[in-house]
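**Student:** Quick one: the structure is below, questions incoming.
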Amino acid sequence: MPLSSLAYYTGCMRWYRYVAAGMFFALIFYPFYIWPLAFVALAPFFYLSIEGRLRDIFWGGVIAGAVGMTPLMYLSLGQRALQPHGVLLTYAVRASFIFFIILFGFCVGAVLLAYKLLRRKSALFNALLAACLYIPYEMLLFYIFGGYNYASLSHAVVSFPPALWYAGLGGAILVSFIIAACNAMLAEVVYGWQKGSYRAGAAALLFFTIIAGGAAAAYCLRPAAAPGAVLATSIIQPAPPSVGGLPFGSVHEGVFVNDALAPSISSAAQKSSLVVYTFSPVRGIVYRDVAPASTGVQEIPDSLIGKWLQTVTPASVTVVVWNTMSAGGALYDEYAFWKGGEKSEYRKRELYALSDYTPVWAEWLGLRRLPYTITPGEQDNRVEIGGVPVGTLICSELHQVGLARREASRGPFIVAIGSDTMFPGDMGGNWSLAAARYRAAENGVFVLRGNAFGPSAFIKEDGSIQNMLPFGEQGTLVGYVPLQKSHPTIYSRWGAVPLGFLLVLVVASALLARVYLPTAPGSLG
């Protein structure tokens with residue numbers, strides 16, 4: 001083989017390693033979800049960044065990150081369901097998967113380059129540094145997607161019980177931090193052994209002992225169910241093949257009728273004091289007093305819904321439905337809590353861009369999903385059931401960790417109904433179920449997660465599932481929710497503040513060492 005061909009082949013081989021690392025990383029997430037790989041799949045990224053030229057490390061990281069995100073981005077954004085009122089928006093979102101693949105690649109390249117430049121001789125310090133550099137990347141994705149970061153390491157490992165234990169200490173973001181640190185430590189150990197140093201192995205032993213000890217402490221501190229009274233509750237999951245197949249009702253001679261849904265609600269009310277229906281009984285908008293200006297959809301007086309529920313449920317039963325509500329000239333995304341013809345309500349406060357409203361820049365581009373705009377509700381939630389305050393999160397609010405902490409502080413349980421029909425198959429529903437489990441474990445609060453298409457679940461205070469209906473299965477799920485709050489968790493008190501201090505401390509220390517001790521770190525120790 002000519003020397004020029006050999007040099008070309010050798011040069012290409014260094015990129016193949018990054019491609020292989022990216023393919024390995026992709027196996028963590030949808031559609032594969034081989035979650036145990038989360039603890040090792042990032043290790044090749046960090047290992048390849050320990051040695052090598054800075055340019056190769058950066059561009060290799062770009063390649064690895066882009067390859068790793070391609071299946072997830074294509075099967076989520078690239079296959080987003082067509083929105084009838086936002087065809088242009090749908091196609092724009094589908095096309096954006098290419099942009100985000102490139103963006104993710106550059107973010108990973110930046111993380112690996114920073115790791116190369118800032119790592120020192122201590123394997124333990126380097127593991128913490130790697131995690132501190134990786135976590136801002138994951139937080140950036142949460143911000144960009146309004147909480148829907150399908151590439152979250154913590155959500156990938158929600159089936160691993162210690163992840164939920166640690167969530168009570170520092171939230172889902174702490175779980176991602178620990179996983180990233182484990183990967184970096186593994187890379188440091190392998191590199192150290194190759195260099196004939198076993199000091200990294202000793203550091204790894206200390207590191208994993210601390211992790212195991214932390215898991216044991218988190219297990220002991222995990223929130224337990226509060227003793228006392230419970231509330232019999234039913235969650236109705238219709239699980240039709242499409243939104244059009246949901247049991248919607250209509251008005252006949254001034255009376256609202258929904259014969260398809262009435263038997264399910266009536267049956268659930270015979271065995272429960274709280275019935276949660278996971279969608280609206282109306283295909284359109286309910287309004288109070290005066291009908292809104294034409295919205296292009298069905299408009300039904302709110303009072304007719306209450307009268308209809310009185311005919312199918314006892315006066316002692318509370319029924320929750322999820323409507324688009326018109327009141328005072330504005331439209332709201334609302335939970336309606338009906339009991340004996342009386343209604344209390346919660347209106348969505350944290351709106352989701354391009355779904356609840358259209359940002360100005362999107363208006364200029366003609367990207368609109370709905371023919372109307374949702375208005376944010378009041379910041380004070382006053383909903384109570386039988387005198388017990390109830391936390392409430394509507395759809396995307398489930399992914400707003402700050403709001404979830406505030407709602408968890410109100411009462412012993414949270415009602416969290418949502419729909420993930422914009423994403424293909426069970427992807428969105430299962431991911432949101434994982435988010436609900438983390439909100440429960442983070443705050444020590446019972447969560448009622450409802451989804452018309454599934455999965456729906458009763459989630460205990462430690463994040464474990466009491467019982468559930470999987471995606472696509474019709475039925476009524478019955479369970480018991482506590483009426484007394486459990487003890488608050490460390491995370492519910494402090495949030496991610498301690499982790500933020502650690503991140504700043506480690507990165508600042510690495511930067512100072514880089515300035516005042518600029519020599520290369522050499523072999524691991």
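**Student:** Among 117, 112, which is open to solvent by 20 Å² or more (accessible area, probe 1.4 Å), touching a residue at least 24 places away in the same chain (Cβ under 8 Å) and under 22 Å from residue 60 (Cα atoms)?
**Tutor:** Of 117, 112, the one residue that is open to solvent by 20 Å² or more (accessible area, probe 1.4 Å), touching a residue at least 24 places away in the same chain (Cβ under 8 Å) and under 22 Å from residue 60 (Cα atoms) is 117.
**Student:** Now a separate question. Could you please give the count of residues in the stretch 289-314 that are in a loop (DSSP other than H, G, I, E, B) and modelled with pLDDT of 90 or more?
**Tutor:** Counting residues in the stretch 289-314 that are in a loop (DSSP other than H, G, I, E, B) and modelled with pLDDT of 90 or more gives 2.
**Student:** Next question. Residue by residue through the stretch 40-59, note down the ones that are crowded, with 24+ Cβ neighbours inside 10 Å, within 14 Å of residue 24 (Cβ to Cβ) and more than 25 Å from the chain's Cα centre (by Cα).
**Tutor:** Once the filter is applied, which keeps residues that are crowded, with 24+ Cβ neighbours inside 10 Å, within 14 Å of residue 24 (Cβ to Cβ) and more than 25 Å from the chain's Cα centre (by Cα), the stretch 40-59 yields only 46.
**Student:** Taking the stretch 60-89 as the search range and keeping residues that are open to solvent by 40 Å² or more (accessible area, probe 1.4 Å) and part of a loop (DSSP other than H, G, I, E, B), which one is modelled with the highest pLDDT?
**Tutor:** Selected residue: 79.
**Student:** Also: Report whether or not residue 415 is buried (at least 24 other Cβ atoms within 10 Å of the Cβ), touching a Leu at 6+ places or on another chain (Cβ under 6 Å), within 21 Å of residue 234 (Cα to Cα) and not basic (Lys, Arg).
**Tutor:** On the way: buried (at least 24 other Cβ atoms within 10 Å of the Cβ): yes; touching a Leu at 6+ places or on another chain (Cβ under 6 Å): yes; within 21 Å of residue 234 (Cα to Cα): yes; not basic (Lys, Arg): yes.
Considered against the rule, which asks whether it is buried (at least 24 other Cβ atoms within 10 Å of the Cβ), touching a Leu at 6+ places or on another chain (Cβ under 6 Å), within 21 Å of residue 234 (Cα to Cα) and not basic (Lys, Arg), residue 415 comes out as yes.
**Student:** How many residues, within the stretch 473-508, are open to solvent by less than 50 Å² (accessible area, probe 1.4 Å) and either in contact with a helix residue (DSSP H, G or I) (Cβ under 7 Å, 6 or more places away or on another chain) or farther than 30 Å from residue 386 by Cα (or both)?
**Tutor:** Of the residues in the stretch 473-508, 11 are open to solvent by less than 50 Å² (accessible area, probe 1.4 Å) and either in contact with a helix residue (DSSP H, G or I) (Cβ under 7 Å, 6 or more places away or on another chain) or farther than 30 Å from residue 386 by Cα (or both).
**Student:** Something else about it: Hey, residue 429 hits all of (1) open to solvent by 50 Å² or more (accessible area, probe 1.4 Å); (2) modelled with pLDDT under 95; (3) under 23 Å from residue 247 (Cα atoms) but one; which does it fall short on?
**Tutor:** Condition (1) is where residue 429 drops out.
**Student:** Quick one: how many residues across the stretch 188-203 are open to solvent by less than 10 Å² (accessible area, probe 1.4 Å) and either under 28 Å from the mean Cα position of the chain (by Cα) or at pLDDT below 90 (or both)? Step through it out loud before you land on a result.
**Tutor:** Taking the stretch 188-203 as the starting set, the residues that turn out to be open to solvent by less than 10 Å² (accessible area, probe 1.4 Å) are 188, 192, 200.
Next cut, either under 28 Å from the mean Cα position of the chain (by Cα) or at pLDDT below 90 (or both) only: 192, 200.
Counting residues in the stretch 188-203 that are open to solvent by less than 10 Å² (accessible area, probe 1.4 Å) and either under 28 Å from the mean Cα position of the chain (by Cα) or at pLDDT below 90 (or both) gives 2.
**Student:** When you scan the stretch 209-222, do you find a residue that is outside any helix (DSSP H, G or I), open to solvent by less than 20 Å² (accessible area, probe 1.4 Å) and either modelled with pLDDT under 90 or in contact with a strand residue (DSSP E or B) (Cβ under 9 Å, 6 or more places away or on another chain) (or both), even just one?
**Tutor:** Within the stretch 209-222 (the criterion being outside any helix (DSSP H, G or I), open to solvent by less than 20 Å² (accessible area, probe 1.4 Å) and either modelled with pLDDT under 90 or in contact with a strand residue (DSSP E or B) (Cβ under 9 Å, 6 or more places away or on another chain) (or both)), the answer is no, since none of the residues qualifies.
**Student:** Within the stretch 235-272, take every residue that is in a loop (DSSP other than H, G, I, E, B) and of a type in the set (A, V, I, L, M) and give me the one that is most open to solvent (accessible area, probe 1.4 Å).
**Tutor:** Of the stretch 235-272, the ones in a loop (DSSP other than H, G, I, E, B) are 238-242, 246-248, 253-254, 258-261, 270-272.
Pick out the ones that are also of a type in the set (A, V, I, L, M) and you get 239, 246, 260-261.
Numbers: 239: 10, 246: 10, 260: 72, 261: 4 Å².
Per the criteria, the residue is 260.
The values are calculated or read from the model by the stated rules, or taken from the named source; none is laboratory data. Please read all numbers here as calculations on a predicted model, not as lab measurements. As a convention, Cβ positions derive from the backbone with ideal geometry for all residues, glycine included, and neighbour counts pool all protein chains shown. We work out accessible area using only protein heavy atoms, side chains counted, and drop any ligands, DNA or RNA first. Shrake-Rupley method; radii C 1.70, N 1.55, O 1.52, S 1.80 Å.
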